[in-house]
């Protein structure tokens, strides 16, 4: 399922100067950028840049970035769920995952995460999708922030709310393994009822019906 992507851009003033938030960014433009060395939550930044470019080349892949000049200080990815996860089991063309959101330490707390999510949803094509994100407390930067699990969860929910994502219940074992973990989703205005029902079945696929 591929749409014409409408490009959006906005400039945010931060204590460290102006930052351009924009996307979806084309792979050839990502290749010209430099990823900040602190973008290393998943792998070293040069490797992460290659992975991000790979996602941008996928039919459904979308990348939103925060940059100062050519230096990327944050990004968000949208991609189909991992084939090993339950969310891919329905083979739904209109279900995509907010796969990663990362902002370097110096710019955290400046609203860049919220702005990337808000800007993502300006694209009318997003109304055709169910967008999900899975939040696991063991991925959270509790040590650096000094926040408790529940305080961090509140911060994450607030940020996701900026993109219209809301809490959804699920019996997914990994999410259910800790009460702070959660599934959040945004159902686009043009998503049909059949897709919504399919999503509901994926959320509760461990239930036995008698």
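The values are calculated or read from the model by the stated rules, or taken from the named source; none is laboratory data. Model, not experiment: these values are computed from the prediction. When we count neighbours, we look across all protein chains shown, and the Cβ atoms used for this are built from the backbone with ideal geometry, even at glycine.
Below is a table of values for the structure above.
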read-out: Among the candidates 159, 184, residue that is part of a strand (DSSP E or B) and touching a strand residue (DSSP E or B) at 6+ places or on another chain (Cβ under 9 Å); value: 184
read-out: Long-range neighbours under 6 Å by Cβ, at least six apart or interchain, first residue at positive phi within segment 121-136, second modelled with pLDDT under 95 and part of a helix (DSSP H, G or I); value: none
read-out: Options 146, 164; residue that is on the phi > 0 side of the Ramachandran plot and more than 15 Å from the chain's Cα centre (by Cα); value: 146
read-out: Filter result (in contact with a strand residue (DSSP E or B) (Cβ under 6 Å, 6 or more places away or on another chain), under 17 Å from residue 81 (Cβ atoms) and touching a residue at least 40 places away in the same chain (Cβ under 8 Å)) within segment 162-180; value: 165, 175
read-out: Among (1) in contact (Cβ under 8 Å) with a residue 12 or more places away in the chain; (2) surrounded by 14 or more Cβ atoms within 10 Å (Cβ to Cβ); (3) over 22 Å from residue 114 (Cβ atoms); (4) out of contact with any helix residue (DSSP H, G or I) (no Cβ under 6 Å at 6 or more places or on another chain) - the single one residue 27 does not satisfy; value: (4)
read-out: Answer residue from segment 95-125, given it is touching a strand residue (DSSP E or B) at 6+ places or on another chain (Cβ under 6 Å) and in a loop (DSSP other than H, G, I, E, B) and is surrounded by the most Cβ atoms within 10 Å (Cβ to Cβ) among those; value: 104
read-out: Any chance residue 14 is touching a residue at least 12 places away in the same chain (Cβ under 8 Å) and under 25 Å from residue 200 (Cα atoms); value: no
read-out: Residues that are touching a residue at least 60 places away in the same chain (Cβ under 8 Å) and either in a loop (DSSP other than H, G, I, E, B) or touching a helix residue (DSSP H, G or I) at 6+ places or on another chain (Cβ under 6 Å) (or both), drawn from segment 187-197; value: 188, 189, 190, 191
read-out: Filtered residue count, segment 126-138, keeping only those that are part of a strand (DSSP E or B) and either in contact with a helix residue (DSSP H, G or I) (Cβ under 8 Å, 6 or more places away or on another chain) or surrounded by fewer than 21 Cβ atoms within 10 Å (Cβ to Cβ) (or both); value: 5
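A quick yes/no check of all residues on (1) surrounded by fewer than 15 Cβ atoms within 10 Å (Cβ to Cβ); (2) within 16 Å of residue 129 (Cα to Cα):
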site	(1), (2)
151	yes, no
165	no, yes
169	yes, no
173	yes, no
176	yes, no
180	no, no
188	no, yes
201	yes, no
204	yes, no
